[in-house]
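**Q** Quick one: the structure is below, and I'll ask about it shortly.
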Amino acid sequence: MSSSAPEPLAGYASIARAYDLGAIRSCRYLRHGVLNRNWRLETDRGVFALKELVELDPESARRSLGLVHVLAAAGVPVVEAVPATSGEVVAELSGHAYYLTPWIDGTHPLGAEMDPGRARHMGAVIGRIHRALADPATGLAAPEPPVNLLPPPEAARDRIGHYLGRIDRREPPSAFDTDVAAVLRDRLELLAAHEHLRPADSPPTEPHGWIHGDCQNWNLLWADDRIAAVLDWDRVRVNPYAEEIVRAAMYQFARPDGSVDLGHAAALVAGYRTEAPIGAHALVDAARRRWWRLASSVWQLEFIYDRGDPSSEALFFSGERLLHWWTANLTEVEKAFATA
């Protein structure tokens, strides 16, 4: 165990007792997590993934983990949580909450590592997820139509100004601060030049329902050309289906320079339609809404500056590259989803 890596706040000994793991032989902190904290544990009982809940409350986690059986029956590749000795799937220890799953080997391909076959398969899995979560057997409440209000330009400018002010007050600013400030000033120019393209304040296009909420490469574990497991059901919520499709495509197929393979996006939509219907109008509406959300958000800076958590630094800059490419190719992106 590395002494420099973060440790579970409840301590390894407490976790080993709670799950009757015996000795923990080694552990590895998984640094790509942002909303919660994760480890790989090798123990006397086997190899497991441990999640410490930070943003998610225990009851919401229990609800999400309780969906696994219905999802599996619908053909969604999922991993069932390991109950603690108490029988609970979420263990609350010393004021902190955890859940444990068996460790599954696999990869997290992204961008150029994807191909049309993988894209089509990914779309089919997302379609299966949406169908499964619509099954009354989940026990989820009937979904109300989402309001999904978009941030106004003024709110985006105020948020950006907040962080520019924080950076300006740093003496001296770090190289990272200087880079962020340059990006934020550039963002203000982008908003001023393109805010007339913001979607109107109207309800999003149907259909809607319960969604995974975070279908992106770190939550999709692949074995060869198939998804071995869809991970982290922490953000299950009601939303337009098309917005999850667009978000998944634009993140999964983004290259390091921010460009996106729109042919793969079309393949993902084709795969989705083998499991569930979705219309071109809904996808185009969702694409414009998702673009505006990206343009008006600097959510990573809350973690970096307000919480002292640097784990999303790379995400801030990769998101900015995607935003600039998307803005320059707004028509082409929407045309790809319209003709998919």
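The values are calculated or read from the model by the stated rules, or taken from the named source; none is laboratory data. Only a predicted model underlies this, so the values are computations on that prediction, with no experimental measurement involved. All Cβ positions, even for glycine, are placed from backbone atoms using ideal geometry, and neighbour counts span all protein chains on display. For accessibility, only protein heavy atoms count, side chains too; no ligands or nucleic acids. Shrake-Rupley method; radii C 1.70, N 1.55, O 1.52, S 1.80 Å.
**Q** Which condition from (1) within 24 Å of residue 226 (Cα to Cα); (2) out of contact with any helix residue (DSSP H, G or I) (no Cβ under 8 Å at 6 or more places or on another chain); (3) of a type in the set (Val, Ile, Thr) is the one that residue 78 breaks?
**A** (2) is the only condition that residue 78 fails.
**Q** Restricting attention to the range 277-301, which residues are buried (at least 20 other Cβ atoms within 10 Å of the Cβ) and in a loop (DSSP other than H, G, I, E, B)?
**A** Answer for the range 277-301, where residues must be buried (at least 20 other Cβ atoms within 10 Å of the Cβ) and in a loop (DSSP other than H, G, I, E, B): 278, 296, 298.
**Q** If a residue has to be in a helix (DSSP H, G or I), without any contact (Cβ under 8 Å) to a residue 40 or more places away in the chain and loosely packed, with under 13 Cβ neighbours inside 10 Å to count, how many in the range 129-160 make the cut?
**A** 3
Each row is one residue, and each column tells you yes or no for (1) under 20 Å from the mean Cα position of the chain (by Cα); (2) at pLDDT 95 or above; (3) more than 26 Å from residue 266 (Cα to Cα).
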position	(1), (2), (3)
281	no, yes, no
286	yes, yes, no
304	yes, no, yes
319	yes, yes, no
325	no, yes, no
328	no, yes, no
339	no, no, no
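**Q** What's the number of the condition residue 118 fails, among (1) more than 11 Å from residue 268 (Cα to Cα); (2) open to solvent by 30 Å² or more (accessible area, probe 1.4 Å); (3) in contact with a strand residue (DSSP E or B) (Cβ under 8 Å, 6 or more places away or on another chain); (4) modelled with pLDDT of 95 or more?
**A** Every condition holds for residue 118 apart from (1).
**Q** I need the full set of residues from the range 222-237 which are over 11 Å from the mean Cα position of the chain (by Cα) and at positive phi, in order please.
**A** Once the filter is applied, which keeps residues that are over 11 Å from the mean Cα position of the chain (by Cα) and at positive phi, the range 222-237 yields only 224.
**Q** If residue 184 passes every condition in (1) modelled with pLDDT under 95; (2) on the phi < 0 side of the Ramachandran plot but one, which one does it miss?
**A** Every listed condition holds for residue 184 apart from (1).
**Q** Among (1) under 17 Å from the mean Cα position of the chain (by Cα); (2) open to solvent by 40 Å² or more (accessible area, probe 1.4 Å), where does residue 274 come up short?
**A** (1)
**Q** Among the residues of the range 259-266, is any open to solvent by less than 40 Å² (accessible area, probe 1.4 Å), under 20 Å from the mean Cα position of the chain (by Cα), within 16 Å of residue 111 (Cα to Cα) and of a type in the set (Ser, Thr, Tyr)?
**A** Yes.
**Q** Turning to a different aspect of this structure: Given the conditions (1) among the hydroxyl-bearing types (Ser, Thr, Tyr); (2) farther than 27 Å from residue 6 by Cβ; (3) not in a helix (DSSP H, G or I), which single one is not true for residue 331?
**A** Failed condition: (3).
**Q** Counting only residues that are modelled with pLDDT under 95 and surrounded by fewer than 17 Cβ atoms within 10 Å (Cβ to Cβ), which one in the range 35-55 is nearest to residue 96 (Cα to Cα)?
**A** 54
**Q** Can you name the number of the only condition in (1) more than 30 Å from residue 277 (Cα to Cα); (2) open to solvent by less than 40 Å² (accessible area, probe 1.4 Å) that residue 109 fails?
**A** (1)
**Q** Still on this structure, please answer the following. Could you please give the count of residues in the range 196-231 that are open to solvent by 30 Å² or more (accessible area, probe 1.4 Å) and without any contact (Cβ under 8 Å) to a residue 40 or more places away in the chain?
**A** Selection size over the range 196-231: 5.
**Q** Using beta carbons and a limit of 8 Å, which pairs, at least six apart or on different chains, have the first residue in the range 39-64 and farther than 26 Å from residue 139 by Cβ and the second one among the polar types (S, T, N, Q) and buried (at least 19 other Cβ atoms within 10 Å of the Cβ)?
**A** Here the result reads 48/101, each pair linking the range 39-64 to a residue that is among the polar types (S, T, N, Q) and buried (at least 19 other Cβ atoms within 10 Å of the Cβ).
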